[in-house]
Amino acid sequence: MKTKDIIATEKKVILGTYTRPEFVISHGDGVYLFDTDGKKYLDFVSGIAVNAFGYNNKQTQAALREQSERLWHCSNLYYTQPQVELAELLVYNTFADKVFFCNSGTEAIEAAIKFARKWASAARGKENFQIITFNRSFHGRTYGALSATGQPKFWENFGPMLPGFDFAEFNDLESVKKLISAKTVAILVEPVQGEGGVYTADPEFLQGLRQLCDENNCLLILDEIQCGFGRTGTFCAYEQYGILPDMMTVAKPIAGGLPLGAVLLKDNIAAHIKPGEHGTTFGGGPLVTFVAHDILKRICQRSFLDSVKEKSQYLIEKLHELQAKVPGISSIRGKGLMIGIELKVDPGTVIKKCAEDGLLICKTGGNAVRFLPPLIVEKDHIDEALVKFENVLLTL
């Protein structure tokens with residue numbers, strides 16, 4: 001099929017939940033994507049922080065082939081070795097004692113909500129169920145995750161939302177204190193608000209949330225679905241804040257684009273979750289967990305994480321230099337290779353013109369765009385991206 005035929009057929013047969021540009025991605029290599037007409041794009045979206053090692057990665061492909069010849073799927077009614085080995089890697093490299101695997105970040109949030117309320121029901125009584133989350137947050141699009149998302153624009157025409165969620169102001173500890181009550185069982189927060197505009201939590205804020213949870217017998221749940229696993233320069237973002245959560249949701253880069261999410265949790269919560277109280281058909285299958293083990297054991301290497309920090313510093317410095325040269329940038333924020341750029345011009349126009357010039361970037365909250373390159377991006381790729389970005393800004 002030709003490009004125009006693919007697009008025309010898509011509009012007929014696929015539900016229109018995305019507004020897509022008028023090209024069709026064919027394949028990728030390294031940090032580049034290619035469309036069906038042969039055009040090359042420098043990818044600073046990376047599947048929305050999924051493709052940590054870019055495209056056509058030989059080691060990941062070898063892991064996929066190896067396990068595909070052994071076992072693709074086996075019911076969670078039975079033990080499989082790849083699942084156990086991935087859970088062991090996650091427990092060893094994080095705060096967690098136990099892991100629950102699912103298929104996506106949204107499913108991980110749904111599970112975390114259930115686990116928090118089950119813990120509270122057993123430890124504090126069934127009348128305790130409130131969860132504090134934050135304005136500008138984003139936790140997913142199924143009903144529990146959507147109800148926990150602090151952006152009313154996502155609720156419009158889908159109400160009513162599920163009860164049991166209170167919304168505080170991000171980086172405002174006093175607003176959290178005003179909401180805590182005897183019924184509060186957990187605080188759910190992103191260390192870096194991804195879809196909300198790439199706003200980073202202040203260290204004092206996350207440390208204050210940890211203290212509030214300790215004082216009020218509540219759980220601190222971190223959503224590191226977008227900011228976790230190397231994206232901010234440490235294996236987990238919480239490592240930069242001097243705190244440990246009680247529970248954490250992860251997904252995006254964990255299996256290199258194969259569907260996998262997870263909830264990491266402490267034993268005192270896990271002890272209250274019994275067989276039959278939660279489950280998944282596909283989550284944690286042997287194929288995806290084998291690939292994920294290969295990916296995460298590479299990401300958690302100190303040398304790799306140091307390289308992310310180095311390239312992050314370079315990108316941020318170059319962006320500030322660009323801000324001083326062109327009139328279109330209001331501010332730059334973020335951590336690691338998760339950068340938000342607030343614009344004085346229409347971000348949709350910038351994204352469109354960047355794509356026309358061979359650079360893929362994406363929208364985030366407010367008037368901002370995101371830079372989310374693969375973690376293997378090099379400085380010359382950053383230079384290439386910024387030349388294209390500058391050229392677009394100078395035309396507006």
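The values are calculated or read from the model by the stated rules, or taken from the named source; none is laboratory data. No experiment lies behind these values; they were computed from the predicted model shown. A quick note on method: Cβ atoms are made from the backbone with ideal geometry, for glycine too, and the neighbour counts reach across all protein chains shown.
Annotation: of all residues in the stretch 241-258 being of a type in the set (Val, Ile, Thr) and touching a helix residue (DSSP H, G or I) at 6+ places or on another chain (Cβ under 6 Å), the one that is nearest to residue 207 (Cα to Cα) is 243. Scanning the stretch 382-396 for residues that are outside any helix (DSSP H, G or I), aliphatic (A, V, I, L, M) and without any contact (Cβ under 8 Å) to a residue 60 or more places away in the chain returns no hits. Of all the residues in the stretch 94-128, those that are at pLDDT 95 or above and not in a helix (DSSP H, G or I) number 11. Here residue 211 passes the criteria (1) in a helix (DSSP H, G or I); (2) buried (at least 22 other Cβ atoms within 10 Å of the Cβ) except the one numbered (2). Taking the stretch 40-97 as the range and being within 30 Å of residue 24 (Cβ to Cβ), under 22 Å from the mean Cα position of the chain (by Cα) and not small (Gly, Ala, Ser) as the test, the residues that pass are 42, 43, 44, 45, 48, 50, 51, 53, 55, 56, 57, 60. Filtered by the rule that a residue be surrounded by fewer than 19 Cβ atoms within 10 Å (Cβ to Cβ) and closer than 28 Å to residue 86 by Cβ, the stretch 123-152 gives 141, 142. The residue of the stretch 194-234 that is nearest to residue 300 (Cα to Cα), among those that are small (Gly, Ala, Ser) and in contact (Cβ under 8 Å) with a residue 60 or more places away in the chain, is 230. Just wondering, is there one or more residues in the stretch 71-86 that are farther than 23 Å from residue 264 by Cβ and surrounded by 13 or more Cβ atoms within 10 Å (Cβ to Cβ)? The answer is yes, given that some residue of the stretch 71-86 is farther than 23 Å from residue 264 by Cβ and surrounded by 13 or more Cβ atoms within 10 Å (Cβ to Cβ). For the stretch 131-171, the tally of residues that are free of Cβ contacts under 8 Å to residues at least 24 places away in the same chain and assigned to a loop (DSSP other than H, G, I, E, B) stands at 10.
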